[in-house]
Amino acid sequence: MNANRPIGIFDSGYGGLTIFEHIRRLLPAYDYLYLGDNARAPYGIRSFEVVYQFTRQAVNRLFDEGCPLVILACNTASAKALRTIQQYDLPASADPSRRVLGIIRPTVEILGSLTKTRHIGVMGTTGTISSRSYLLEIAKLYPEMTVTSEACPMWVPLVENREHDGDGADYFVRKHLDRLFAADPQIDTLALGCTHYPLLEAKIRKYMPERVHLFFQGPCVAESLKGYLLRHPEMSSRLSENGSCRFMTTESGEKFSEAASLFLKRPVEVEQVTMCSNNK
């Protein structure tokens with residue numbers, strides 16, 4: 001096994017870089033390994049079984065690279081694969097003490113402290129919304145809340161094609177926000193259930209009511225991970241602390257680096273890798 005024991009961060013594409021950046025800023029001492037399965041993105045349009053298989057392959061690759069802890073910085077993977085990996089794959093693996101965490105639960109946990117009307121809006125990809133993961137998690141923690149969801153299939157392509165600041169983005173952002181608030185005018189907290197959506201912040205604020213609290217996943221996921229490591233010193237002690245960051249992609253390294261600069265505001269060096277279907 002690699003002597004380096006980084007925190008693994010996985011996303012099907014680039015949006016997870018927004019989660020990674022918040023985690024790295026809050027916990028800079030640890031080593032990190034980011035893996036983007038860009039060659040097979042987007043995951044949002046794929047079935048539960050395919051997302052699970054792809055996510056399991058990515059998790060195994062990060063385990064092979066020495067990561068004792070993996071964060072699924074992808075709403076679709078968290079919605080469609082996390083539970084099966086946690087309940088079935090990890091207990092049967094070569095090292096059951098390794099852990100895989102998602103980003104939906106930390107997002108939901110904080111929503112209860114933000115809303116006064118108890119009416120929440122959730123915007124995400126078609127895959128995330130159709131999975132009903134946010135609805136189910138919110139119902140577990142806050143059964144009294146009213147949740148209205150809206151799938152926004154064009155928002156991720158707008159970001160990845162660098163059109164999120166253009167005039168064309170206004171139509172798609174306004175369309176989905178108008179639909180959401182028409183469905184429930186009492187919404188006072190809007191959760192962005194996709195890691196790409198923070199790049200659309202200016203457009204979203206432009207068309208949503210000013211009274212609404214706009215909620216981003218990155219800061220709360222980072223705080224949740226910090227709390228997790230404090231509660232689990234046995235995991236924290238397994239992680240190496242050299243402050244290093246590595247990036248891997250299943251697509252072109254040059255393409256990934258160019259896109260990553262949009263999310264991280266800096267160039268990065270990237271390794272191109274292939275995924276295998278091992279089941280450890």
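The values are calculated or read from the model by the stated rules, or taken from the named source; none is laboratory data. This one's a predicted model, so the numbers in the text were calculated from it and none came from an experiment. Every residue, glycine as well, gets a Cβ built from its backbone with ideal geometry; the counts of neighbours run over all protein chains shown. SASA here: full protein model, heavy atoms, side chains in, ligands and nucleic acids out. Shrake-Rupley method; radii C 1.70, N 1.55, O 1.52, S 1.80 Å.
Accessible surface of the chain, 1.4 Å probe: 52 percent of it comes from carbon and sulfur atoms. Stokes-Einstein diffusion for the chain at 37 °C, viscosity 0.692 mPa s, with a Kirkwood radius from C-alpha pairs, works out to 173 µm²/s. Considering only Cα atoms, the convex hull volume of segment 1-144 works out to 116 Å³ per residue.
Solvent-accessible surface of the chain, averaged per residue with a 1.4 angstrom probe and all protein chains in place: 43 square angstrom.
Asp188 label point, 7 Å along Cα→Cβ, cut-off 12 Å on backbone N: hits in segment 207-234? Taking a point 7 Å out along Cα→Cβ of Asp188, the residues of segment 207-234 whose backbone N falls under 12 Å are 211-213. Among Ser224, Ser97, Ser240, the largest mean-square fluctuation in a Gaussian network model of the chain (Cα springs under 10 Å) belongs to Ser97. Working note: Karplus 6.51/-1.76/1.60 with θ = phi - 60° gives segment 140-145 the couplings 5, 8, 9, x, 7, 6 Hz, where Gly and Pro are set to x. Scanning residues 5 or more positions from Phe247 or on other chains, those with amide H under 5 Å from its amide H are Tyr34, Glu271, with H placed 1.01 Å from N in the peptide plane.
Looking at segment 204-246, which trypsin sites (Lys or Arg not before Pro) are in a loop (DSSP not H, G, I, E or B) and have at most 12 other Cβ atoms within 10 Å? Working shown, then result.
Working: sites: Arg205, Lys206, Arg211, Lys226, Arg231, Arg238, Arg246; in loops: Arg211, Arg238.
Filter output for segment 204-246: Arg211.
Would you mind checking Lys226/Lys255; Lys175/Lys203; Lys80/Lys175; Lys140/Lys203; Lys80/Lys140 for any pair whose Cα atoms are more than 23 angstrom apart? Among Lys226/Lys255; Lys175/Lys203; Lys80/Lys175; Lys140/Lys203; Lys80/Lys140, the Cα-Cα distance tops 23 Å for Lys226/Lys255; Lys80/Lys175; Lys140/Lys203. Considering segment 154-256, its Cα convex hull presents a mean projected area of 9.7 nm². With θ taken as phi - 60° and the Karplus curve 6.51 cos²θ - 1.76 cosθ + 1.60 applied, the whole-hertz 3J(HN,Hα) list for segment 32-49 is 9, 10, 9, 10, x, 8, 5, 5, 10, 6, x, 7, x, 8, 8, 6, 4, 5 Hz, x standing for glycine and proline.
Under the rule of -39500 (n - 2.57) per DSSP H run of 4 or more residues, summed and divided by the residues of the chain, what mean residue ellipticity at 222 nm is obtained, to the nearest 500 deg cm²/dmol?
On the way: 12 runs with 118 residues, N = 280.
Counting only the DSSP helices, I get -12500 deg cm²/dmol.
Coupling constants for segment 218-233 follow from the phi torsions by the Karplus curve (6.51 cos²θ - 1.76 cosθ + 1.60, θ = phi - 60°), and in residue order they are x, x, 6, 5, 4, 5, 5, 5, 4, x, 4, 5, 5, 6, 10, x Hz; glycine and proline get x. Residues whose amide H comes within less than 5 Å of that of His213, counting only those at least five positions distant or on another chain, are Thr189, Leu190 (H built at 1.01 Å from N in the peptide plane). Between amide H atoms placed 1.01 Å from N, distances below 5 Å from Val100 occur with Val70, all of them 5 or more places distant or on a separate chain. Excluding same-chain neighbours fewer than eight residues apart, the aspartates and glutamates reachable from Lys265 by a Cα-Cα span under 19 Å are Asp11, Glu21, Glu160, Glu163, Asp165, Glu201, Glu254. With 17 Å as the cut-off, how large is the P(r) tail for segment 32-104, expressed as percent of Cα-Cα pairs? Percentage above 17 Å: 36.
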